[in-house]
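Data block below; observations after.
Rule-based calculations on the coordinates, nothing more; no lab input. Predicted model, so just to flag it, every value in this text is computed and none were measured. Positions of Cβ are generated from backbone atoms using ideal geometry, with glycine treated the same way; all protein chains shown enter the neighbour counts.
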Amino acid sequence: MTTPTPIRWSDWPDARGRFGPFGGRYVPETLFPAVTRLEEAAVDAFADPAFMAALDAELRDWVGRPTPLTPARGLSRLWGADVWMKREDLAHTGAHKINNALGQALLAKRMGAARVVAETGAGQHGVATAAACARVGLPCVVYMGAVDVKRQAPNVRRMQLMGTEVRAVTAGDATLRAAIDEAMREWVGDPARTFYVLGSAVGPHPYPWLVRQFQRIIGVEARAQMLKQTGSLPDVAVACVGGGSNSIGLFHPFLDDAVSLLGIEPGGRGRGLGEHAATLTYGRPGVLHGTYSMLLQDADGQVVETHSVSAGLDYSAVGPEHAFLQETGRATYDVVSDEEAMEALAELCAHEGILPAVESAHAFAGARRWAKANPGKRILVGLSGRGDKDLPILDAWEAR
Amino acid sequence: MTSPAQRLADAIRHPKHPGLPAVMPYVTSGFPTRDGFAELVLGLSDVADAIEIGVPFSDPMADGPVIQRSSRIALDGGATLAWILETLTSLPRKPACPLVLMSYANPLMAFGYERLVDAALAAGVCGFIVPDMPWEESEAFRVLIASRGLASIQLVTPVTPDDRLSKLGQGEGGFVYAVTVTGITGAAMEPAEISSYLDRVRSLTGKPVCAGFGIRTAAHVRALSGHADGAIVGTALIEALGRGEDGVAFVRALVA
Ligand SMILES: Cc1ncc(COP(=O)(O)O)c(C=O)c1O
């Protein structure tokens, strides 16, 4: 009898930028030299102790890392579980996005880029990139869907204050997907001078890997903090999944541990195509924005519009490493509705004194469901960002 | 019997208007309406040396605003890959030039490669251009379509290094698509700047070389003589069609 060889998670992505069948570099020929150069530069930077030391120092002194691991006493009582929160809401600019934006901005500087472009959904990645570019001294343009410009207005102002030009995208669905389309076009137009700071673990290789490497710090810190503060690892780690950056950052350092991994997708208003953005749960494999992954598409392979109350999760694709973790069964993915996410948000406000981002509230709604089904367990929840930016959304929700 | 890929290369090497590069218009299938598509293709085929049949896609990341908009309108009008192939298969007469299908990867994947190749052959398609499927990601598709005599047309750009250019230009049949700007379709083009680039591309491939992106006028087409075997005209034609002009007359004026 043979036992199957366990998957060596560190083997992925392979040299072709694949996680199992997923990933790759589906980019126009114009961008091919640019993605190759980016990969080489990233490999070189990660091997350079001076670069890593500079990144660590900025993460500590400017971002405010390590972020705390907070016992959720109120939720633990309510859910009948031992709940811990990894506090990315306390990172500078208010979300995990800064870990990646800072890392890529430092890399852009090192590569001698003349300018930065980025896309943003909720505006958190845009704000993080604007801040990082101001910090390292690079001009920055951020593309943002017109729908998101409206529903995340406070973040538009924050970007502008930091000297970033915000360009509203009215094409397509006027949300995150259209913003990525535009940012990619801008990059295609000037690949030699422009550095594209992509905000989630999506896009062509090397981005899913690069973003994961910059976000792993979430899980690395949380793992050490769990051991130190509780004496053991959690039974489960839970995070919300938009493109999948905070979740892969939390999950990755736990891949070889006996820890369940649970990603929570935005279920929106229902199961119908266009009513949600739950890509892993309801999608089929396909190619969008340079990567082969799960995709919300119609029978003809056209990418469909999505809905989520949270702008940061409102995206038709998902990072290829999550598709791989799902296919191999290492992680599972569940769906919570707009309604459940908003209830979880209220619960966190009332019982923990924390206003989470609507994105992060999805993780708490999913964790609560898991806790009810698995009583008495130790649960680690990724609190990916704070909810100040969501006041317009909360007002609209109240008034609906 | 000559393969479809070879037929395409021959049509480009022996254009209908000797002394000028072959002219290859690009149309977004179903734009401005689905009704006029069959007639437009047949009309263009009498003037053009090959036609690029564009499959509209929801996220055309390598296209400028004009083709983006035409794609949206075509999709809203119900243009699908299945409809395009059916329409081409049941044209009232055979088109007078080879056809090339240009599509982003995802609609092709969703259709299924095996089924696609059968349907494409039946529709008179001689080759494929897939702008978001670079060499490294296209092996399975390339091998399959080559086994059926179809051309896989590779794009090269001014920033493509020589060794990569040689790799992309290897083999026979079809053509090499030389992107004449480092940017998205629709940007302006300086013919003088690009002739040395096109000469370099030609020196590194045995296939015909067609220049594309930013070619808008008869003067642009003429300026390519001696540097490119063909000229691809997309955005300017889509603009003309969008203004309600006669697309066939527009292309005829390019070779006048
Ligand atoms: C606070 C917060 N959490 C989560 C996300 C979702 O992105 P990802 O799945 O890449 O972590 C966003 C995106 O804007 C966000 O702002």
On each of the three principal axes of the Cα atoms of segment A:12-130, give max minus min coordinate, whole Å, ordered largest first. 55, 37, 29
In µm²/s, what is D for segment B:19-126 at 20 °C and 1.002 mPa s, where D = kT/(6 pi eta Rh) by Stokes-Einstein and Rh is the Kirkwood radius from Cα pairs? 153
Fully extended contour minus Cα-Cα distance, from A:Ala224 to A:Glu339, at 0.36 nm per residue: 38.0 nm
Rg (one decimal) and Dmax (whole number) from the Cα set of segment B:4-254, in Å, equal 16.4, 45
Test item: Cα-centred dipole of chain A, Lys/Arg +1 and Asp/Glu -1 on Cβ, debye: 700
Given R₀ = 56 Å, FRET efficiency for B:Asp162-A:Leu273 by Cβ-Cβ distance, to 0.05? 0.75
Checked against the positive end of the charge dipole of the protein assembly as shown (+1 on Cβ of Lys and Arg, -1 on Cβ of Asp and Glu, about the Cα centre), the farthest of B:Ser152, A:Ala47, A:Trp84 is A:Ala47
Looking at the calculated P(r) for segment B:88-130, what percent of the C-alpha pair distances fall above 13 Å? 56
Set the Förster distance to 30 Å, then compute FRET efficiency between A:Trp397 and A:Arg77 from the Cβ-Cβ distance, nearest 0.05. 0.70
Calculate I(q)/I(0) for segment A:131-219 by the Debye formula, one identical point scatterer on each C-alpha and no solvent, and give its log10 at q = 0.10, 0.20 Å⁻¹ to two decimals. -0.28, -1.13
Among A:Met85, A:Met184, A:Met111, whose mean-square fluctuation peaks in a Gaussian network model of chain A (Cα, cutoff 10 Å)? A:Met111
Among the listed pairs A:Lys86/A:Lys389; B:Lys16/B:Lys167; B:Lys16/B:Lys207, give every one whose C-alpha distance is greater than 25 Å. B:Lys16/B:Lys167
For segment B:4-254, size of Cβ-based charge dipole, Lys and Arg +1, Asp and Glu -1, in debye: 440
Pull up the DSSP beta bridges for chain A and report the antiparallel fraction as a percent, rounded to 5. 30
In nm, give the distance between the simple-model label positions of A:Trp62 and B:Glu136, each being 7 Å from the Cα along the Cα-to-Cβ direction. 2.9
Area projected by the alpha carbon convex hull of segment A:65-136, averaged over all directions, nm²: 5.9
Packing-based exposure ordering (other Cβ within 10 Å, fewest first) of A:Ser293, B:Ser138, B:Ser166, A:Ser308: B:Ser166, B:Ser138, A:Ser308, A:Ser293
Label model pair B:Asp10, B:Val143: point-to-point distance (7 angstrom along the Cα→beta-carbon line) in nm is 2.9
Could you list A:Arg18, A:Arg8 in order of exposure, starting from the residue whose Cβ has the fewest other Cβ atoms within 10 Å? A:Arg8, A:Arg18
Using alpha carbons only, what's the Rg to Rh ratio of chain A with Rh from Kirkwood? 0.94
